[in-house]
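The values are calculated or read from the model by the stated rules, or taken from the named source; none is laboratory data. Since the structure is predicted, the reported quantities are computational estimates derived from the model, not experimental observations. Quick reminder, even Gly has a Cβ in these numbers, built from the backbone with ideal geometry, and neighbours come from all protein chains shown.
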Amino acid sequence: MSAIAITGVGVITPAGIGREENWERVCKGVGLATKDPELGGALAEFSCRVPAFDATDAVGAREVWRTDRFVQLALVAADEAVADAGLNPRSWDGSRVGVVVGSAAGGVSTLETQHERFLQQGGKGVSALFHPMALINMVSGRLAIKYGATGPNFVTATACASGATAIGVAKDLLQSGACDVVIAGGAEAAITPTFVTGFARMGALYQGSLPPEEASRPFDARRGGFVIGEGAGILVLERLDDAKSRGARVWARLLGYGATSDAHHITSPHPSGLGIENAMRLACRDADVQPEHIEHVNAHGTSTPLNDAAEAAAIARLGSQQLTVTSTKGVTGHTLGAAGAVEAAYTVLSLAHQMVPPTANLTCLDPEVRLDVVSGAPRPVELTHALSNSAGFGGHNVSLLFGA
């Protein structure tokens, strides 16, 4: 079975617009959360937004008028990824191109805005574009329309594992022969007062007294919840043989995909991390790589007490003696349904640069976390195999195994 090549990488997050800016900021390891004036009354004050994002300049006034922000972010990331892959949508066979994008929330900003207009103005105040803007599937639909991709097209919705699920499904589509190229990833823009308040009421968000930039602190003894973020990560995937035949640059190879369910609790992970451990082991089995040969894990690492403890225990049981771990959520916050794709992109870049970014704000490692969690500065490491982990409410777990 042919390996899968990553030939295009596109990223837009609180760490910046574009792959290079993201990699530079993530490697600096400085938290980017700020106090958010748009979250008045939301019970949580901090967020991580994409900086200096001019949607009109990025996607055009017409698209801004008829798309939700999560779609706009996906369009920007996809443009970078497709251009990076050296593919020309005007000349490819669109029937052989698939689009799979993950999102947890979809167009919640549009939903809140239109609901407010309905309350204030009645039915005639609601936009005729309400549904084409808000429906979660519109992100993949819009990308397909833009690129003339008439192959398989759908959205994956596995909460905060959605973007990783999309990439795993893309691998299956390529290896089954259903597609020759798949544009895959995740997108999210759900920093709205109502949506954020829901997380705050659950106790999932950081609501302590630390400065905003120090609030997201994965694996740290003082962690107290996540900081919500937004963004999009898009990869272009092809069969390795096809990529080589056209002389494409290959950033990394997607070797394995594992997905499991905790079947335990609607929001809390299995306390032992059994689900994410099994997902990692399935990814290793899919890749025919022994778990003890994994050299790096980009952890889900949300900065919540339960998630970090369970995931750390699961990673430790892999038995690798040379393992380095990081969570880039210390920098970007938690981008929800985009996180799995954004962090897959960071894992691909770690392999390409042979470098592990530091975990921001990790000043006192939780004594229960018995792992080599990189902090302080990026660490040069010889990497051949790396995992990217994701998990979501409902017990969804995904692990993607990438090779240099």
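Some observations on this one:
- For region 8-27, the tally of residues that are surrounded by fewer than 20 Cβ atoms within 10 Å (Cβ to Cβ) and in contact (Cβ under 8 Å) with a residue 60 or more places away in the chain stands at 1.
- Residue count for region 203-243 satisfying the condition of being of a type in the set (Asp, Glu) and closer than 19 Å to Tyr346 by Cα: 2.
- Annotation note: of Arg217, Arg201, Arg142, the sole residue that is surrounded by fewer than 21 Cβ atoms within 10 Å (Cβ to Cβ) and charged (D, E, K, R) is Arg201.
- Identity of the residue in region 173-195, farther than 20 Å from Ala161 by Cβ and of a type in the set (Val, Ile, Thr), that ends up surrounded by the most Cβ atoms within 10 Å (Cβ to Cβ): Val181
- First in region 337-365 and of a type in the set (Phe, Trp, Tyr), second anywhere and part of a helix (DSSP H, G or I) and modelled with pLDDT of 95 or more, Cβ under 7 Å, 6 or more apart: Tyr346/Val26
- Going through (1) surrounded by 15 or more Cβ atoms within 10 Å (Cβ to Cβ); (2) assigned to a helix (DSSP H, G or I) one by one, Thr56 falls short only on (1).
- Matching residues in region 18-36 - criterion: being in contact with an Asp or Glu (Cβ under 9 Å, 6 or more places away or on another chain) and over 28 Å from Gln175 (Cβ atoms): Gly18, Val30, Gly31, Leu32, Ala33, Thr34, Lys35, Asp36
- Within region 265-280, if we keep just the residues that are touching a helix residue (DSSP H, G or I) at 6+ places or on another chain (Cβ under 6 Å) and part of a helix (DSSP H, G or I), the residue that is farthest from Cys160 (Cα to Cα) turns out to be Glu277.
- Yes/no for Ala77 being part of a helix (DSSP H, G or I), in the same structural domain as Thr156 (by TED's automatic domain parsing), at negative phi and modelled with pLDDT of 95 or more: yes
- Some residue of region 142-156 being of a type in the set (Lys, Arg) and closer than 30 Å to Leu240 by Cα: yes
- Complete set of residues in region 165-191 that are touching a Gly at 6+ places or on another chain (Cβ under 6 Å), closer than 17 Å to Asp93 by Cα and of a type in the set (Val, Ile, Thr): Val182
- Scanning region 52-88 for residues that are among the basic types (Lys, Arg), touching a residue at least 12 places away in the same chain (Cβ under 8 Å) and out of contact with any Ser or Thr (no Cβ under 7 Å at 6 or more places or on another chain) gives a single hit, Arg66.
- Restricting attention to region 6-36, the residues that are more than 20 Å from Ala58 (Cβ to Cβ), assigned to a helix (DSSP H, G or I) and of a type in the set (S, T, N, Q) total 0.
- Condition check for Val82: in a helix (DSSP H, G or I) and either among the hydroxyl-bearing types (Ser, Thr, Tyr) or at pLDDT below 95 (or both): no
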